[in-house]
Amino acid sequence: MRSHACIIALGITTAWALQACSSSSNGSSPATDAGTHGDASSPGTDGGGMMDSSMLAADAAGDGAPPAEGGPASDSAAPSDAGMDGETGTTAVASALYTMTNAATGNAILGFTRGVDGSLTAMAAPFPTGGNGSGAALGEQGAIVYDLAGDRVFAVNAGDDSFSVLPVEATGALGTAVDVAASAVPGGGALLGPKSVTVHGNTVYVLFEGNATTASAIAGWTVDGTTATFIAGSISTLSSATESVDPAQIQFTPDGDWLVVTEKQSGGAASVAGSGNIDTFAVSSAGLATKKGFYPTASAGVDAGVQLVPYGFAFSGTTLVVSEAGSTGAGAYTYTGGVIAPVTGATQFLATDAAPCWVAVSADWAYVANAKGPDVSGFTVSATTGGLTDIGSATNAVVATTGSTVVTDAGTTVEGPTDEAVSADGKFLYVLDGAQPAIGAFAVNADGTLTRVGSTDFTSTTLVANVVGLAAR
C-alpha cells in the first residue's frame, strides 16, 4: 500500500494522469426508438474483445512454446489459426485483431489476421462503420469489442452519437455495417458521445460521455444478427444527473447479470470532482438495467480513500481488476451482488508505471498498459483471495516495453500504449500505440511473463495515426 507521503502528490498528478491516458471528446446529436428485447441468456464475450476469463482457463500458455524473441511481427503473410470451432463444431472464422480510425469524416475499422505465432497481417482495406468518429482521443476502454458468441464486431461512432454492428466473415473480414443512431431513441437527445460498448448474448449496452450540460448515461439495445432494437426504459444516468462525469468503460460481468461502469470523476450538479466511482447496474432477464450503487475506489487499510480515478478494468474469476490512473496503480475488487468492495486478506493495490489506463486479463494474469511508461505492468490474480502479486521482480511490475520515447529540441514526448486486448484463446497480448501508430504483440507464457512477437512493435501502412480501441478474436 502507498504511504501517507504519497497522498499529497495525488492531487497534483491526477490531472496529468488523465491527460496522459488521453482526453475524452463528445459527438453531438439527438435521440432513438423503442422495441422488444431478445434472449439475453446465452454466454457472451466483451471487454476489448476478450472471452470471459473462466473460458480462458489454463489454455493461456497455448499449444506449443511461444515464439522466440525476434520472431515475425510484420505485414508479411502469416498462417491463420482458423479451424474447427470447439463451441459450435462449425468452421471458425480466422483469428484477427481490430482497431478503428475514429475519423470525423467517416469512421472505419482496420483488421489484421493473426498467425499461430501471434504475428499480424494487415487486411487489404478498411471496413466503414457507416458513422462518424470524433477525430480525437476518446479516453476510454471498449470503444470496439468482439462478440465471440455471435462473431460480430461492435464499435462506437463518437462524432454522430451512434454505434455500429458488423458481421465477421470466415476470413476475418467484416461485412456491411449497420449503424444504430441514438437519435432514433425516444429521449435519445440526451445520449451524447458514445465511447464504450459491451455485449452479452443478444443484449448490448453503450456508455455515453455527455458534456457540461448533459449527463453521462448508459442505454441498451437487443441485437438480432445486426438488427438493433432499443430497450425501452434502459437510459440511465451515472452519479451526476446533470453533467458529464467523464466515464471510461462499460462491461457486463461474465454471467451477464450486472453492468459495471467506471467514471473518472463523480458527484452531483456543480460538484463533479476528480475522485471517481465504480458503478453497477442489475440487468433483468429482459435486458433492462437498474442502478445498484456507485462505489468510490478505496484501499482496504489505513490509506482508505487514496486510490483515485478508476479507468479501465477486466474480470479474472470473481475479481475485478481496475487501473487507477490518479494513484498510479491497479486495484483488486470483489463484485458479488453488484457491490464493489476491495478484496480483503490479500494485497489489494499495487503500483504500476505512470498513467495506468487499460486492463486486459488472460486466465489468472492481469496486464495494465501504462501510457507514460511506456510499458505494461503484469500481475497474478489469486484464484482464492483475489489479491494481486507482481509477475516477476521488475520495478512497478513492468513485464514488457512498448511504444517509444521521442526526444526533440522541444523536449521529451512519450508515445505509449493507448489500449490493449488479449486474443480469445488467451495466448497473446496486443497493445495499441495510437500515436506512432503501432501494435505491440506479445506471447503470454505459462508463468504470465510476456515474450515479444517480432523484434519491434508491428507497423503497417494501413495503420493511421491516433487509431482508437482494440479488439481481438
Within segment 99-149, take every residue that is part of a loop (DSSP other than H, G, I, E, B) and of a type in the set (Asp, Glu) and give me the one that is surrounded by the fewest Cβ atoms within 10 Å (Cβ to Cβ). Asp117
Working only within segment 170-184, note down all residues that are open to solvent by 40 Å² or more (accessible area, probe 1.4 Å) and part of a strand (DSSP E or B). Val178, Asp179
Expected single match for out of contact with any helix residue (DSSP H, G or I) (no Cβ under 7 Å at 6 or more places or on another chain), under 25 Å from Val309 (Cα atoms), surrounded by 24 or more Cβ atoms within 10 Å (Cβ to Cβ) and of a type outside the set (Val, Ile, Thr) among Ser164, Ser244, Ser240, Ser234 is Ser244
Taking segment 209-230 and keeping only residues that are assigned to a strand (DSSP E or B) and under 15 Å from Asp161 (Cβ atoms), one is left with Asn211, Thr214, Ala217, Ile218, Ala219, Trp221, Ala228, Phe230
Could you list all residues from segment 185-208 that are assigned to a loop (DSSP other than H, G, I, E, B) and either in contact with a Cys (Cβ under 8 Å, 6 or more places away or on another chain) or open to solvent by less than 10 Å² (accessible area, probe 1.4 Å) (or both)? Leu191, Gly193, Gly201
Which residues, taken from segment 416-454, are modelled with pLDDT under 95 and open to solvent by 40 Å² or more (accessible area, probe 1.4 Å)? Ala435, Gln436
Can you tell me how many residues within segment 437-472 are closer than 15 Å to Ser377 by Cα and hydrophobic (A, V, I, L, M, F, W, C)? 5
Considering segment 383-398 alone, what residues qualify as being open to solvent by less than 30 Å² (accessible area, probe 1.4 Å) and either out of contact with any Gly (no Cβ under 7 Å at 6 or more places or on another chain) or not small (Gly, Ala, Ser) (or both)? Gly386, Gly387, Leu388, Ile391
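Kindly evaluate Gly135 against the criterion of being in contact with a Leu (Cβ under 8 Å, 6 or more places away or on another chain) and at positive phi. Can you show your working first?
On the way: in contact with a Leu (Cβ under 8 Å, 6 or more places away or on another chain): no; at positive phi: yes.
Judged against the criteria, Gly135 is not a match.
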Could you please find all residues in segment 455-473 being of a type outside the set (Ser, Thr, Tyr) and either in contact with a Lys or Arg (Cβ under 9 Å, 6 or more places away or on another chain) or surrounded by fewer than 24 Cβ atoms within 10 Å (Cβ to Cβ) (or both)? Asp457, Leu463, Val464, Ala465, Asn466, Ala472, Arg473
Flagged in segment 261-279 as assigned to a loop (DSSP other than H, G, I, E, B), at pLDDT 80 or above and among the hydroxyl-bearing types (Ser, Thr, Tyr), in numbering order, are Ser275
Residues in segment 370-382 that are farther than 10 Å from Val399 by Cα, surrounded by 24 or more Cβ atoms within 10 Å (Cβ to Cβ) and small (Gly, Ala, Ser) total 2
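Within segment 422-458, work out how many residues are in a loop (DSSP other than H, G, I, E, B) and either closer than 15 Å to Val359 by Cα or touching a residue at least 60 places away in the same chain (Cβ under 8 Å) (or both). Step through it out loud before you land on a result.
Residues of segment 422-458 that are in a loop (DSSP other than H, G, I, E, B), as a first pass: 423-427, 434-437, 445-449, 453-457.
Checking which are either closer than 15 Å to Val359 by Cα or touching a residue at least 60 places away in the same chain (Cβ under 8 Å) (or both) leaves us with 423-427, 434, 445-446, 448-449, 453-457.
Total meeting the criteria: 15.
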Specify the residue that is farthest from the chain's Cα centre (by Cα); the eligible residues are those in segment 344-365 that are open to solvent by 30 Å² or more (accessible area, probe 1.4 Å) and within 22 Å of Ala472 (Cβ to Cβ). Asp364
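The values are calculated or read from the model by the stated rules, or taken from the named source; none is laboratory data. Here the structure is a predicted model, which is why all the values come from computation and not from measurement. Please note: Cβ atoms are built from the backbone with ideal geometry, for glycine as well, and neighbour counts cover all protein chains shown. All accessible areas refer to the heavy atoms of the entire protein, side chains included, with ligands and DNA or RNA removed. Shrake-Rupley method; radii C 1.70, N 1.55, O 1.52, S 1.80 Å.
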